[in-house]
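Working notes, beginning with the structure itself.
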Amino acid sequence: MKLKGSYFYTLRENAKDEDSTSGNLLVRSGMIKKTSAGVYMMLPLGLRVVNKIKQIIKEEMDASGAQELLMPSLISSEVYESCGRLEAFGNSMFHLKDRANHDMVLGPTHEELFTIAAASCVSSYKDLPFTLYQIADKFRDEARPRYGLIRVKEFIMKDAYSFDKDEDGLDISYQKMFNAYNNIFDRCKLSYKIVRADVGAMGGSLSEEYQAVTDIGEDTLVLCDTCKYASNMEVAEHTIIFDKEEEKNLELVETKNKESIEEVSEYLGITPDKTVKALLMNVKDELVVFFIRGDREFNESKACKLFDVTEINFANDDLIASSNATPGYTGPIDLNAKTVIDKEILQMKNFVVGANKEGYHYKNVNIKDIKYDEVADISCVLEGDVCPNCSGKLYFKKGIEVGNLFKLGTKYSTHLGLTYLDQENKEHPVVMGCYGIGIGRILAAVVEQHHDEFGMMLPMSISPYQVAIVVINTKDEVITGYANKLHDDLEDNGIEVLLDDREERPGVKFNDMDLIGIPIRITLGKGLANGEVEVKLRSEKESINIKTTEIIDYIKKKVKEETEK
């Protein structure tokens, strides 16, 4: 491609309304342009990158035996009602009506439609297994779109679904997708972790996420410094250490105007991990008081799963007034409200809790002093906790979820009548798996991981062009003539080339090529008179001179090396 006469622009200044490095660089490089919060144009240069990511995904999905199809984005809401997911998605689903006043939605995900499609094909065990996939637009009405392409309202997603006769078959299909995903993210040059995750609205028995490790990531990854334990914070577990203290006698103490854990701990001369705090929450319009260790955070995801709800909110004054709970001084002794304690509290000794009386706490509390309705894991792990798999210590990293794998089981097939007859003519529901990849998120994550102060440093496998040719003096006919010939010769050898033949200053051209992240830059200047061109790798600081007689072979070799790394 030749830039002169083409659609190409870059911005010198940082984008004012982008809150991530990737969003800023993608906008500045003219790859994307925001049209409204969470909605972006994909411009020619950006689309080339997206199409390369798509091609990698298609190659690996096809190699796994999956077949591609395309589902509609405009879907009757009845489809989602059949599995109870209108409520599960809540306000994140776009709703509209057609001219016949039928309720329609823009598809946030396509489990139901894939299940319906599979039902057209499956009647016997002989029709299984198979896997279907698509690469299509999805829509979710995000409350807070942010971080460029990471959290948006419209996005391109690859979603695949496997259909098997039993769990053993699902294990095989799942492993094929697992291998394909590893290949995809390796080819895109992402640094990633595979972590256990919450199944959420998707349902099923197992979920694993592919998390690109970056500082901007929305998810907290819990990792072990000794073994390969990796989990999303939502489901991360910690080893509970048994407190070996001898139990002391319960004692009521005055703690006037001491409501927070920090204030109470300082006043009583103890550390926060010797306290238990209360969270007064509204669960299905009922007051539920959750108790966790004072230095830990409440894990809403675990609590939602415990009560089979999609969200839990703080209780209002009216709900709190239905009990003897006293904000700032609520404790589990003689509390007349539904009570859930974190399982860690079972092993604690001589801790401090609120006394349900303003200005008072109990100290030297032990589990025998408490009445509770339920025990569950409802807290978040802390850095330094003992790994649940070994004696190592847990530490945190931030991550961008770029892909996920779900063992859905029979949730959708049961609801939608997707069954098969076995060898004995007995009917069974089909066992399903679900596998998603966010295309835009891959692009954003790659930029977050591969950039410097000058711009993007895109891997050869997904860069818009593999080589940029920069012409220093466009008025020199010898140089421009050679530039056009070199451009054509490289293209004839299967190299993707961008020829910067604009009438701009050299510095502008160099800055633009660095900004858009082209891996190899060839500069044509005075050295051409001596039969040499200047070559600079985007990942290197220094350039080298290569003979014009050797440049084609050199570039072919470099492209091959970088692509196969």
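Taking LEU408 as the residue in question, decide whether it is at pLDDT below 95, open to solvent by less than 10 Å² (accessible area, probe 1.4 Å) and either part of a strand (DSSP E or B) or under 30 Å from GLY517 (Cβ atoms) (or both).
In short, yes.
For a quick check of your reading of the model, give me the residue pairs whose first member lies in region 4-17 and is within 21 Å of PHE510 (Cβ to Cβ), whose second is assigned to a loop (DSSP other than H, G, I, E, B), with beta-carbon atoms closer than 6 Å and at least 6 apart or on different chains.
Taking only residues 6 or more apart or on different chains, the pairs are LYS4/ASP501; LYS4/ARG502; TYR9/GLY30; THR10/SER29; THR10/GLY30.
Within region 262-276, is even one residue farther than 30 Å from SER207 by Cα, open to solvent by 40 Å² or more (accessible area, probe 1.4 Å), hydrophobic (A, V, I, L, M, F, W, C) and more than 37 Å from the chain's Cα centre (by Cα)?
Scanning region 262-276, I find at least one residue that is farther than 30 Å from SER207 by Cα, open to solvent by 40 Å² or more (accessible area, probe 1.4 Å), hydrophobic (A, V, I, L, M, F, W, C) and more than 37 Å from the chain's Cα centre (by Cα), so the answer is yes.
Kindly list, by first and then second residue, each pair from a residue in region 239-255 that is outside any loop (DSSP other than H, G, I, E, B) to a residue that is among the charged types (D, E, K, R) and open to solvent by less than 100 Å² (accessible area, probe 1.4 Å), limited to pairs with Cβ atoms under 7 Å and residues at least 6 apart or on different chains.
Short answer, once both residue conditions are applied: GLU251/LYS363; VAL253/LYS363.
Can you tell me how many residues in region 321-336 are open to solvent by less than 20 Å² (accessible area, probe 1.4 Å) and either outside any loop (DSSP other than H, G, I, E, B) or aliphatic (A, V, I, L, M) (or both)?
Result for region 321-336: 2.
It is to be established whether one or more residues within region 7-25 are open to solvent by 60 Å² or more (accessible area, probe 1.4 Å), in a loop (DSSP other than H, G, I, E, B) and basic (Lys, Arg).
So far as region 7-25 goes, yes, one or more of its residues are open to solvent by 60 Å² or more (accessible area, probe 1.4 Å), in a loop (DSSP other than H, G, I, E, B) and basic (Lys, Arg).
Determine whether LEU416 is open to solvent by 10 Å² or more (accessible area, probe 1.4 Å), closer than 17 Å to TYR125 by Cβ, more than 15 Å from the chain's Cα centre (by Cα) and hydrophobic (A, V, I, L, M, F, W, C).
The answer is no for LEU416.
Can we say GLN67 is touching a residue at least 24 places away in the same chain (Cβ under 8 Å) and open to solvent by 20 Å² or more (accessible area, probe 1.4 Å)?
So GLN67 passes the test.
Can you tell me which residue is nearest to LYS393 (Cα to Cα) among those in region 229-249 that are open to solvent by less than 30 Å² (accessible area, probe 1.4 Å) and among the polar types (S, T, N, Q)?
Filtering first and then ranking leaves SER231.
Quick one: which of ILE437, ILE469 is open to solvent by less than 10 Å² (accessible area, probe 1.4 Å), more than 18 Å from GLU540 (Cα to Cα), outside any loop (DSSP other than H, G, I, E, B) and among the aliphatic types (A, V, I, L, M)?
Exactly one of ILE437, ILE469 is open to solvent by less than 10 Å² (accessible area, probe 1.4 Å), more than 18 Å from GLU540 (Cα to Cα), outside any loop (DSSP other than H, G, I, E, B) and among the aliphatic types (A, V, I, L, M), namely ILE437.
Take ASP295 and tell me if it is buried (at least 20 other Cβ atoms within 10 Å of the Cβ), in contact (Cβ under 8 Å) with a residue 40 or more places away in the chain and charged (D, E, K, R).
No: the conditions fail for ASP295.
Hey, can you tell me all the residues within region 386-418 that are in contact with a strand residue (DSSP E or B) (Cβ under 6 Å, 6 or more places away or on another chain), in contact (Cβ under 8 Å) with a residue 60 or more places away in the chain and of a type in the set (S, T, N, Q)?
Selection gives ASN404, SER413.
In region 447-504, which residues are of a type in the set (Gly, Ala, Ser) and either farther than 12 Å from ARG521 by Cα or under 24 Å from the mean Cα position of the chain (by Cα) (or both)?
Within region 447-504, GLY455, SER461, SER463, GLY481, ALA483, GLY494 meet the criteria.
Any residue at all in region 91-98 that is closer than 14 Å to ILE156 by Cβ, of a type in the set (A, V, I, L, M, F, W, C) and under 21 Å from the mean Cα position of the chain (by Cα)?
no
Answer with yes or no whether GLY46 is touching a Leu at 6+ places or on another chain (Cβ under 8 Å) and surrounded by 12 or more Cβ atoms within 10 Å (Cβ to Cβ).
yes
Can you confirm whether region 73-87 contains a residue that is crowded, with 17+ Cβ neighbours inside 10 Å, over 21 Å from TYR174 (Cα atoms), of a type in the set (Lys, Arg) and over 20 Å from the mean Cα position of the chain (by Cα)?
yes
Quick one: which of THR474, THR480 is touching a helix residue (DSSP H, G or I) at 6+ places or on another chain (Cβ under 8 Å) and open to solvent by 30 Å² or more (accessible area, probe 1.4 Å)?
Being touching a helix residue (DSSP H, G or I) at 6+ places or on another chain (Cβ under 8 Å) and open to solvent by 30 Å² or more (accessible area, probe 1.4 Å) holds for just one of THR474, THR480, which is THR474.
With ALA445, ALA376 as the choices, which residue is among the small types (Gly, Ala, Ser) and out of contact with any Gly (no Cβ under 9 Å at 6 or more places or on another chain)?
Answer to the selection: ALA376.
Report, by residue number, each residue of region 515-542 that is free of Cβ contacts under 8 Å to residues at least 60 places away in the same chain, open to solvent by 50 Å² or more (accessible area, probe 1.4 Å) and not in a strand (DSSP E or B).
LYS526, ALA529, ASN530, GLU540, LYS541, GLU542
Give me the residue from region 342-359 that is of a type in the set (S, T, N, Q) and on the phi > 0 side of the Ramachandran plot and, out of that set, surrounded by the most Cβ atoms within 10 Å (Cβ to Cβ).
Per the criteria, the residue is ASN356.
The values are calculated or read from the model by the stated rules, or taken from the named source; none is laboratory data. What you are looking at is a predicted structure, and each value in this text was computed from that prediction instead of being measured. Neighbour counts run over all protein chains shown; Cβ positions are idealised from the backbone, glycine included. Protein only, heavy atoms only, side chains kept; ligands, DNA and RNA dropped before computing areas. Shrake-Rupley method; radii C 1.70, N 1.55, O 1.52, S 1.80 Å.
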